[in-house]
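The values are calculated or read from the model by the stated rules, or taken from the named source; none is laboratory data. None of these values were measured; they are calculated from a predicted model. Here the Cβ positions follow ideal geometry from the backbone for every residue, glycine too, while neighbour counts run over all protein chains shown. Just so you know, the surface numbers come from the protein's heavy atoms only, side chains and all, with ligands and any DNA or RNA stripped out. Shrake-Rupley method; radii C 1.70, N 1.55, O 1.52, S 1.80 Å.
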Amino acid sequence: MNPAQFKGAMGDAIAKTTPQLYRDCLRLVSHVGGQSAKGRAMKMMVTTEFRKHADVTDEKELEALRANAVRALSNYMVYESSSKDPRLKAKINRENVGDGQTTKGAGAE
């Protein structure tokens, strides 16, 4: 994908309505966590964030909030796809360890 196509794709994603982004986030949470305690906590976090900003009317602020939601979804998709690419997975794990983050079970396949 060339930079122009990527910019166009991100523009389309940001152009989604708030309810569409909310549903996308909840679908991702359901996919990631299911009905586990982690899934319920993630769903609560997404719901809380969307409700916290429900009264925002400034168009620039709304655009920034939508971009943050799209970025979060995109970051997860990159992270998830890295599990299928051994080189990318190793690089992410190396960076996480370098940042002091733990990667529980990172090498266990």
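Couple of notes before you dig in:
- Residue within segment 86-99 that is among the acidic types (Asp, Glu) and modelled with pLDDT of 80 or more present: no
- Failed criterion for Ala13 (all others in (1) open to solvent by less than 80 Å² (accessible area, probe 1.4 Å); (2) in a helix (DSSP H, G or I); (3) at pLDDT 80 or above hold): (3)
- Among (1) touching a helix residue (DSSP H, G or I) at 6+ places or on another chain (Cβ under 9 Å); (2) modelled with pLDDT of 85 or more; (3) hydroxyl-bearing (Ser, Thr, Tyr); (4) loosely packed, with under 12 Cβ neighbours inside 10 Å - the single one Thr47 does not satisfy: (4)
- Top-ranked residue of segment 50-65 - restricted to ones that are among the acidic types (Asp, Glu) and part of a helix (DSSP H, G or I), ranked as modelled with the highest pLDDT: Glu61
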